[in-house]
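A quick write-up on the structure given underneath.
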Amino acid sequence: MVLGNLLGAWATFFYFKFVLPSTENNPIIPGYYDILSFLAGMAILIVLGFLLFKRKSTQTLFAVADGRQDISEFDSSMVSHLQRGALQYPMVVTVISFFVWNLAGFMFGFLEPLLQAKIFNLATPDLVLCLRQFLGIILLGGGITCMVLFFVLENAWRSYIPRFFPEGHLNRVQHVFKISVRKRFLVVTLGIILIPLPIIVTTVVANIRQLHLADELTRSHLITSLYWELLFISTDLLAIALVLAYFLSKSILTPLLGIKNAIKAVANNDLDTRVAIVSNDELGDVAQGINAMIISLNESRRVKDSFGRYLGREIGEEILSGKTDMEGEMKRVTLLFSDLRNFTGLVEKNHPRQVVKILNQYFNEMTLAVKAHKGLILQYVGDEIEAVFGAPVGFDDHPEMAVRAALEMRKRLLELNVTLEGQGVEPLAHGIGIHSGAVLAGNIGSQERMSYALVGDTVNTASRIEGLTKVYDTDIILSQTTHNLLIGSYATKQLAPVRVKGKDDDLIVYTLLS
């Protein structure tokens, strides 16, 4: 900020001291006077600018920007005040700087020539020349300098904006200055075109007036001076135009590159990336939208991963794709019920925490076996597991899946017992009942809580068959329906027909050997 204004002041002084004069300097005025008056005026303006910026709120703003204080340390009203100040800071600095430049134009354009005439007893200065100097200072000096200052300061200040808005949402701040992308282009374009016009017009008019009153030698000098003035103005404006074009493109390109990199990161499955929101214009809105999209994708992935944990990856993806009806439908499935033996004795002999630990180990192994064969655990009830194969995603070979899962459950239980024996726990035993048939499947429950459940006689029969494992002292029993649907080669043995509760006819069941 200071450097930009000093460079503008030096360029303006150089223009008026070495380029602008169309006549020789008055010999009455000492050579050091211009430099002394320039330094005195600059000192006054610098002190004034310091007083305008030396405010407590500005100090707090800098403390947050520098990281010496965190925005969360302040109450809500102060947070709003600081956020508004952060968004308006580049424009406030620019407006104050332009005000100081207008004061400089009045001082050096009107007041200083009048004081000079008073001190050295000279004629009253020409109003056109004073106006020419005034417009040159506030437009060529102040206008261009402040326009460059705004874009330079805005680009530098953007790196501090996230400290005021850790969660983004810059557009939620009300009653704050906002400059859109379109306005940026208009300001720069019109500034470069319109600012030089009054300077060039007053320069040409002043020289024409002097040409009418001058002799031939003076006219030649005036024309040469006019060439140099126009050359200086053109060169200065060309350099400023290049600087403005650079910072204008940077103010647009930098956010766009951030958005581009975020999209590329999302394409590479990095959903932890975020776009830095550094402005409250259209680019800031796009960045906020990109971040919201990434958050939504992240939540969707967590839901998908959760489905994968409970249902298995393939089933979870099938449900999330919307291809499976969860509202209620009749389906042919195979149900598997599993129940631990002597669970009451296990509870009596072990500490509750130890019992929970044992149960979690058991359920973990059994769940892995069910998921490995595309089954779905419907619920855990005490020490019992209810699982289904063929719902919610339908599979033609659901009986095979259930039987293979039961065999893997048997294998995993043997391996788990070896681990439990090392922990000083007696071996576990369970009974598994498998039955195939039609069920009503869908989301069932209340408005507060729902779960995917199966309803029908098949469910009851499968549960009864699991209970028969105690009667026949075996670990896996299949219904005749499931047995007849198997296409693989399994070793089974038919058991004696039995009548179960809720059935009029005897059930034909088989024990699964291998």
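What do you reckon, is Glu348 at pLDDT 75 or above, over 27 Å from the mean Cα position of the chain (by Cα) and either surrounded by fewer than 13 Cβ atoms within 10 Å (Cβ to Cβ) or not assigned by TED's automatic domain parsing to the domain that holds Ala406 (or both)?
Numbers: at pLDDT 75 or above: yes; over 27 Å from the mean Cα position of the chain (by Cα): yes; either surrounded by fewer than 13 Cβ atoms within 10 Å (Cβ to Cβ) or not assigned by TED's automatic domain parsing to the domain that holds Ala406 (or both): yes.
It is true that Glu348 is at pLDDT 75 or above, over 27 Å from the mean Cα position of the chain (by Cα) and either surrounded by fewer than 13 Cβ atoms within 10 Å (Cβ to Cβ) or not assigned by TED's automatic domain parsing to the domain that holds Ala406 (or both).
Per the listing Asp75, Asp66, the residue uniquely of a type in the set (D, E, K, R) and closer than 28 Å to Thr145 by Cβ is Asp66. Of the residues making up segment 374-407, those that are within 19 Å of Leu513 (Cβ to Cβ) and out of contact with any His (no Cβ under 7 Å at 6 or more places or on another chain) are Pro399, Glu400, Ala402, Val403, Ala406, Leu407. Among the residues of this structure, Thr218 counts as one that is at pLDDT below 80 and of a type in the set (Ser, Thr, Tyr).
Filter segment 243-273 down to residues that are at negative phi and outside any helix (DSSP H, G or I) and give me whichever is farthest from the chain's Cα centre (by Cα).
So the residue we want is Asn268.
Annotation: Phe13 fulfils all but one of (1) surrounded by 13 or more Cβ atoms within 10 Å (Cβ to Cβ); (2) more than 27 Å from Met91 (Cβ to Cβ); (3) at pLDDT below 80; the unmet one is (2).
Return yes when Arg209 is at negative phi, surrounded by 13 or more Cβ atoms within 10 Å (Cβ to Cβ), among the charged types (D, E, K, R) and in contact with a Gly (Cβ under 8 Å, 6 or more places away or on another chain) and no when it is not.
Numbers: at negative phi: yes; surrounded by 13 or more Cβ atoms within 10 Å (Cβ to Cβ): yes; among the charged types (D, E, K, R): yes; in contact with a Gly (Cβ under 8 Å, 6 or more places away or on another chain): no.
Against the criterion (at negative phi, surrounded by 13 or more Cβ atoms within 10 Å (Cβ to Cβ), among the charged types (D, E, K, R) and in contact with a Gly (Cβ under 8 Å, 6 or more places away or on another chain)), Arg209 does not qualify.
Selection of segment 31-56 for residues being of a type in the set (D, E, K, R) and closer than 15 Å to Met1 by Cα yields only Lys54.
Quick check: is even one residue across segment 460-470 assigned by TED's automatic domain parsing to the domain that holds Thr367 and in contact with a helix residue (DSSP H, G or I) (Cβ under 7 Å, 6 or more places away or on another chain)?
Going residue by residue through segment 460-470, those that are assigned by TED's automatic domain parsing to the domain that holds Thr367 are 460-470.
From what is left, the residues that are in contact with a helix residue (DSSP H, G or I) (Cβ under 7 Å, 6 or more places away or on another chain) are none.
Within segment 460-470 (the criterion being assigned by TED's automatic domain parsing to the domain that holds Thr367 and in contact with a helix residue (DSSP H, G or I) (Cβ under 7 Å, 6 or more places away or on another chain)), the answer is no, since none of the residues qualifies.
Looking at Phe98, Phe106, Phe177, Phe151, which one is among the aromatic types (Phe, Trp, Tyr) and in contact with a Phe, Trp or Tyr (Cβ under 6 Å, 6 or more places away or on another chain)?
Details: Phe98 fails: in contact with a Phe, Trp or Tyr (Cβ under 6 Å, 6 or more places away or on another chain); Phe106 fails: in contact with a Phe, Trp or Tyr (Cβ under 6 Å, 6 or more places away or on another chain); Phe177 fails: in contact with a Phe, Trp or Tyr (Cβ under 6 Å, 6 or more places away or on another chain).
Every option except Phe151 fails the conditions.
Within segment 456-472, the set of residues being buried (at least 16 other Cβ atoms within 10 Å of the Cβ) and hydroxyl-bearing (Ser, Thr, Tyr) comprises Thr458, Thr461, Ser463, Thr469.
The values are calculated or read from the model by the stated rules, or taken from the named source; none is laboratory data. Just so we're clear, the structure is a prediction, and the values are computed from it rather than from any experiment. Positions of Cβ are generated from backbone atoms using ideal geometry, with glycine treated the same way; all protein chains shown enter the neighbour counts.
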